[in-house]
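Reading through the C-alpha cells given below for one structure.
The values are calculated or read from the model by the stated rules, or taken from the named source; none is laboratory data. As the structure is a computational prediction, the values presented were derived from the model and not from experiment. FYI the Cβ positions are ideal-geometry reconstructions off the backbone, even for glycines, and counts take in every protein chain you see.
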Amino acid sequence: MTLDKIQPGRSGRISAIRGEGAVKRRIMDMGLTKGASVAVRKVAPLGDPIEITVRGYELSLRKEEALNIEVDIQN
Amino acid sequence: MSVKIALAGNPNSGKTTLFNALTGSSQYVGNWPGVTVEKKDGILEGTKDVVIQDLPGIYSLSPYSLEEKVSRKFLVEERPDAILNIVDGTNIERNLYLSTQLAELGIPMVLAVNMMDVVKKNGDKIDFARIGKALGCEVVGISALKKEGGLEAARKALSLAETGRKGEVPHVFTGSVEHALAHIEESIQGKVPKDSIRWYAIKIFERDRDIIKNLDIGVGLMKHLEEHIRDCEKELDDDAESIITGQRYEFIQSLMSKALAKSEARKNKVSLSDRIDRIVTNRILAIPVFILSLCAMWFLAVSDNGPGTVLTDWANDGLLGTDGWHVPFTTHESSADGPYKNMDWEAAQEAYAPHAKNIEVWEGAYVEAFNGANKGKEGFEPIENVEGKLDERIAASVKAEASLEDEETGETVVDDDGKERRWTCDYAAYKASKAFPEPDPSDFGVWVPGIGALIATGLEKLGVGETVASLVNDGAWGGVATVLGFVPVIFVVFLFLAFLEDCGYMARVAFIMDRIFRRFGLSGKSFIPMIVGKGCGVPAVMAARAIENRRDQRMTIILATFIPCGAKTVIIAMFAAVFFREMWYVAPLMDVIGIAIIVLGGIALKKTRMFAGDAAPFVMELPAYHMPTLSGVWRHTWNRVKGYMLKAGLVIFPACVFLWFIMHFDWSFNVLADEEIEKSILHDLGSAIAWLFAPLGFGTWQDAAATVSAEIAKEQATATLGLVASGMDGASTAAQIQSLFGSMSKFPLLAAFSFMLFNLFVPPCMVAIAVTFREMGSKAWGWFAVGFQLFVGYVLALSVYQLGMLFSGGVFGVWTVVAIAADIFCIWAVTRKSKA
C-alpha cells in the first residue's frame, strides 16, 4: 500500500521508494528509506498534506510525494 | 594564522543558539526549517582569531538544494580547520545522517550532542564513546539553551584544529558498496585531495554531477568506474544514490540500537507537544485556532484600540510630532484654579476645542478681510496671520463662517435636513475665545513635548529663516518621523511572528494552509508573508526568506505586496470618504482584488518558463513545540526591526528631503509659498509624466505628483493630493479633490477609482522595492518583480477606466482597444496550458 492511502494511527515498514532525482533524494535524506518504520499521525484539515512519524520525529509531506512510498502495514 | 571552525547541523538543532553563545553576536533562533540562509561568522569568545563559520541548517550534503550546495562548497573548497557538528539529542537518528557525511570529508570533527538537558529529563541515555568510535570523531554532550558545554565543545574543536588530528573515516557501507568505493578511491588517487578521497569516491559513486564535472577524470576511466557502479546497483537492485542514502540510515539505526537507551517509561507517554498538536492541527479546530491567532495579531497590531495603534498614535503625534505626551501613570485631574479644575486632560481638551475652532475660523476670515480692505494701497504687503495687525474697525465687521468637518473622517457634517452644518463666529466670540485660557498640559501630569515641537521651538530660538526651518522640520524630520512612525506596528507584528516561529507554530500553519496555496503554485509557507503584508510590505518581503525553495520564495515576494498594506489603507480611507461614501464595500473590495491578483498572478507566473518545472517537494519537519525564550524572541524581533529602520532610514529620509525640495522650490531655486506650488519643480516633473496616466483617466500633473510621492511612502499620496488640490475650487479639501478629478475627466468617479487602483496595485513604496531587490537576489529578478507589479497595476487601472467608460458612456477609442488587448493577454496568461 502506498503511504498516502494509510489511515492515521496505522504504521508500517517502507518496502520501496519510487521516483527519481531531487524529490526522491530529499525524501530519503529525511529518513524515509527502505526498511524504516513509519506511522501516519494525521491528515491536514483540508485533506492534504499528511503528518507522519519517522525515525523518531514528525515530518509532513504531500500526498503526491507519499504516493511514491510503498509501505507494508504492520498493525 | 587564524583558525576557522565550521559550525554545521540540521535545522532546529539549536545551531543558531550555539552560534550566538559562542560568538556573542546577536542572531536569531527560529523553529522553521531552513531559516539560516545567509552565511554568518563570528569570533569565538575568549579568542582573537578563531573564526566560527556558521553554515546554513541542512539535512544532507546533496547537490539539490541551495543551502546544501553552499555548505559543501565551503567545506570542500575552503576546508575549515575543524568542524563542530551540532546534533539534536532528542532526534539523534536523523541528525546523525548529516554527521556520517561530514565525517567523510577528512576534516577534524567534534560532535556536540545538544539538548542534553531534555534527553536527561526524558530518562534517555546516549553512549557517546560508542558513537565517537563509529564515526571517528569526538563526541560531547551540551545544552546550548542552558549555555552548558558549548564553549568546551568549541575549545575541543579548536585543539583538534591546531593539532590537525582527525579520526578514522567511518566505513558505513556493506561489502559490495565498499568494494566499488575502494576501486574508485584507487583510480582517483592523486586527482583529489588525499584527506577527502573517501568523500569524492562516494560522490562519484552517487554520480554527483557537480563534483564529477570539476574533477579531471578521463572519459575512459569514468566508463570503467561506471561498470563497477552498475554491477553494484544490479546486485542491490536500487540506484546508487538510494543505496548510499539507505545504507547510511541502516548504519545509524544499528549504531543507535546499541548507543541509545530510550527510557521505557516514556515510550508510551503522550508528550505535551503531542497534546498541543492534537488541538492545533485537529481537523475541525485547526482552522478556527489559526484564524483566532491571526485575529490576535490583528488586534495587537492594527485594531482601533490595540497596542499597535495606541503606540503608533503616540509615536506619530506625541513623541515625534508637534503635540507631546503625558508620561503614563503620572496623569491626574488638574488641581490648578481656572476653568479646567478637576477635569482630566481629555475633558479639558474637549472643553477648549470650540474656542480653538473660533480662533482658527475667525482669524482666517479676518486675514482675508484685512488683505481685501488694504488691497492696492501703496507698499501694502498681504499678511498671513493676525499677529500685530488687528485693525479694530475691520475686525468688528468680520463674521466668520465655515463648514464643520468631522474630526475622524474629515467629512463635512451634514444635518438631518440635508444642509451642511455651519460654524459661525463673530468678533465678540473671537475675543472671548482668545481670552479663554488654553489648558496647560503640565497641570495634568508629567508632560513631554513632542520632538517635532521641540525642533520647531529650537529653530525659532536659533533665529533661522523660514525655509531652513521648513527644511529641517517638514523635510528632514518629517522623513525620519515617517520611518519611525511605522516602527510600533512593525514591532508588534514582528514580535508576534517571532513568538509563533520560535514556538513551532509556523510550520503547522504551512501544514494547514498548503492545500490551498499549492493550487496556484505556492506552498503553505507563502501564507505568512501575505498575512504580514496586510500590515506592511517590507516585513512581508523579508518574511518570505523562511521559504526554503527559491522559486516559491521569489514568487511569494512578487505577489505578497499586492495585499493592501497599512499605508495603502490610508489612501483607501481617503478615497472612500471623498468619492465612495455610500459604497461601504469599496475598502473590502480592495482586499478581494489583492487576493484575486495573488491567485491569478500565481497561476500565470507558474506557467512562465521561469517558474515552470517540477513542483518543489513539500517535505517539512514539524519541530516539537517548545516555549520560546524571552531573549530569543527579543533578539529575533529586534534584529528585524533594526533592519527595517536602517533600510527605511536610508531610503525614505533622503527621498523625503528630495520631495520637500521639489515641492518648495522652482528651477532657479527660489523658495515658494504653499500656494505657489504650480511654479514648483514637482509641478513640472508631474506635468512631464502626466501623459503616462492619461489613458487611466488621471493625466494631470497633480495626480502624477501624488503618484510619485506615493512611491516614497504610500500614504504620502493623500498628503500630496491635499496640497496640490488646494488650488482648485471648493471649500473643503474633499471638495477640492473632487473638482480636481472632475476637471480632467467626464467620469470623475471612474478616474478616482482608477487612480486608487493604480496606487494600490503598482509596486509598493521605495523601501519595499529596495527590500524586494535585495531578497530577490539579483538586479534582473528585482526588475522582473517591479515590472510585473507595474504591469498589473497599469493594466488594472487602464481596464477599469476604459471599459468603464465604454459601458457607462459608450466611449470608444484607441485606448479601449489597448485595454481589451491587454485583458485578452492576461486571460491567455492565466488559462494557457502550462509549459511544464
Would you confirm, using the coordinates I've provided, whether B:ILE276 is surrounded by 13 or more Cβ atoms within 10 Å (Cβ to Cβ) and closer than 21 Å to B:VAL118 by Cα? yes
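Listed here are the residues, each with its yes/no results for (1) without any contact (Cβ under 8 Å) to a residue 40 or more places away in the chain; (2) not small (Gly, Ala, Ser).
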| residue | (1), (2) |
| --- | --- |
| B:LEU454 | yes, yes |
| B:ALA481 | no, no |
| B:VAL489 | no, yes |
| B:VAL493 | no, yes |
| B:GLU501 | no, yes |
| B:ASP514 | no, yes |
Kindly provide the set of residues from the stretch B:611-633 that are free of Cβ contacts under 8 Å to residues at least 24 places away in the same chain and either under 23 Å from the mean Cα position of the chain (by Cα) or part of a loop (DSSP other than H, G, I, E, B) (or both), ordered by number. B:PRO617, B:LEU630, B:SER631
Pair list, Cβ < 7 Å and 6+ apart or interchain, from the stretch B:352-371 residues that are among the β-branched types (Val, Ile, Thr) to residues that are part of a helix (DSSP H, G or I): B:ILE359/B:TYR430; B:ILE359/B:SER433; B:ILE359/B:LYS434
Looking at B:ASP216, B:ASP195, B:ASP231, B:ASP208, which one is touching a residue at least 12 places away in the same chain (Cβ under 8 Å), of a type in the set (D, E, K, R) and in contact with a Pro (Cβ under 7 Å, 6 or more places away or on another chain)? B:ASP208
Filter the stretch A:18-39 down to the residues that are facing chain B (nearest Cβ under 7 Å) and within 11 Å of A:GLU70 (Cβ to Cβ) and list them by number. A:LYS34
Pairing a residue in the stretch B:40-63 that is in the same structural domain as B:ALA21 (by TED's automatic domain parsing) with any residue that is among the aromatic types (Phe, Trp, Tyr) and buried (at least 23 other Cβ atoms within 10 Å of the Cβ), where Cβ atoms lie under 6 Å and the two sit 6 or more apart in sequence or on different chains, gives B:ASP54/B:PHE19
Which one is farthest from B:VAL192 (Cα to Cα), of the residues in the stretch B:56-89 that are in contact with a strand residue (DSSP E or B) (Cβ under 9 Å, 6 or more places away or on another chain) and surrounded by fewer than 19 Cβ atoms within 10 Å (Cβ to Cβ)? B:PHE74
Given (1) over 28 Å from B:GLU466 (Cβ atoms); (2) among the aromatic types (Phe, Trp, Tyr); (3) touching a strand residue (DSSP E or B) at 6+ places or on another chain (Cβ under 7 Å), number of the condition B:TRP691 does not satisfy: (3)
Can you find, within the stretch B:627-676, the residue that is modelled with the lowest pLDDT among those that are buried (at least 20 other Cβ atoms within 10 Å of the Cβ) and among the small types (Gly, Ala, Ser)? B:ALA648
If A:GLY47 satisfies all but one of (1) outside any helix (DSSP H, G or I); (2) surrounded by fewer than 17 Cβ atoms within 10 Å (Cβ to Cβ); (3) more than 7 Å from chain B (Cβ to nearest Cβ), what's the number of the condition it fails? (3)
Taking the stretch B:560-588, which residues are more than 26 Å from B:THR312 (Cα to Cα) and among the aliphatic types (A, V, I, L, M)? B:MET583
Residues located in the stretch B:326-343, provided they are surrounded by fewer than 15 Cβ atoms within 10 Å (Cβ to Cβ) and among the acidic types (Asp, Glu): B:ASP337
All but one of (1) buried (at least 24 other Cβ atoms within 10 Å of the Cβ); (2) assigned to a loop (DSSP other than H, G, I, E, B) hold for B:GLU548; state the number of the condition that does not hold. (1)
B:PRO439 versus (1) in a loop (DSSP other than H, G, I, E, B); (2) within 47 Å of the chain's Cα centre (by Cα); (3) at pLDDT below 85: which is the lone unmet condition? (3)
Hits in the stretch A:57-75 (condition: under 23 Å from B:ILE252 (Cα atoms), at pLDDT 90 or above and either touching a helix residue (DSSP H, G or I) at 6+ places or on another chain (Cβ under 6 Å) or not in a strand (DSSP E or B) (or both)): A:TYR57, A:SER60, A:ILE69, A:VAL71
Which condition does B:ILE455 not pass, out of (1) assigned to a loop (DSSP other than H, G, I, E, B); (2) modelled with pLDDT of 80 or more, if it passes all the others? (1)
I'd like the full set of residues that are in contact with a strand residue (DSSP E or B) (Cβ under 7 Å, 6 or more places away or on another chain) and among the small types (Gly, Ala, Ser), limited to the stretch B:677-688. B:SER680
Candidates B:ALA315, B:ALA296, B:ALA348, filtered to the one that is in contact (Cβ under 8 Å) with a residue 40 or more places away in the chain, small (Gly, Ala, Ser), more than 29 Å from B:GLY452 (Cβ to Cβ) and more than 14 Å from chain A (Cβ to nearest Cβ): B:ALA296
Has the stretch B:766-782 got at least one residue that is out of contact with any helix residue (DSSP H, G or I) (no Cβ under 6 Å at 6 or more places or on another chain) and assigned to a loop (DSSP other than H, G, I, E, B)? yes
Exclusive hit being over 17 Å from B:ASP474 (Cβ atoms), modelled with pLDDT of 85 or more, surrounded by fewer than 18 Cβ atoms within 10 Å (Cβ to Cβ) and aliphatic (A, V, I, L, M), set B:LEU750, B:LEU696, B:LEU685, B:LEU760: B:LEU685
Using the structure shown, decide if A:ARG25 is more than 9 Å from the chain's Cα centre (by Cα), outside any loop (DSSP other than H, G, I, E, B) and under 16 Å from B:SER242 (Cβ atoms). yes
Look at B:SER143 and say whether it is without any contact (Cβ under 8 Å) to a residue 12 or more places away in the chain and in the same structural domain as B:TYR97 (by TED's automatic domain parsing). no
Looking at (1) closer than 24 Å to B:ILE243 by Cβ; (2) within 9 Å of the chain's Cα centre (by Cα); (3) without any contact (Cβ under 8 Å) to a residue 40 or more places away in the chain, find the lone condition where A:MET30 falls short. (2)
Of the candidates B:PRO63, B:PRO80, B:PRO56, the one satisfying the condition of being part of a loop (DSSP other than H, G, I, E, B) and more than 34 Å from the chain's Cα centre (by Cα) is B:PRO80
Taking the residues in the stretch B:352-386 that are part of a helix (DSSP H, G or I), surrounded by fewer than 17 Cβ atoms within 10 Å (Cβ to Cβ) and of a type in the set (D, E, K, R) as candidates, determine which candidate is farthest from the chain's Cα centre (by Cα). B:GLU368
Count, please, the residues in the stretch B:491-547 that happen to be within 14 Å of another protein chain (Cβ to nearest Cβ) and of a type in the set (D, E, K, R). 6
Taking the options B:SER273, B:SER242, B:SER257, name whichever one is within 14 Å of chain A (Cβ to nearest Cβ), touching a strand residue (DSSP E or B) at 6+ places or on another chain (Cβ under 8 Å) and part of a helix (DSSP H, G or I). B:SER242
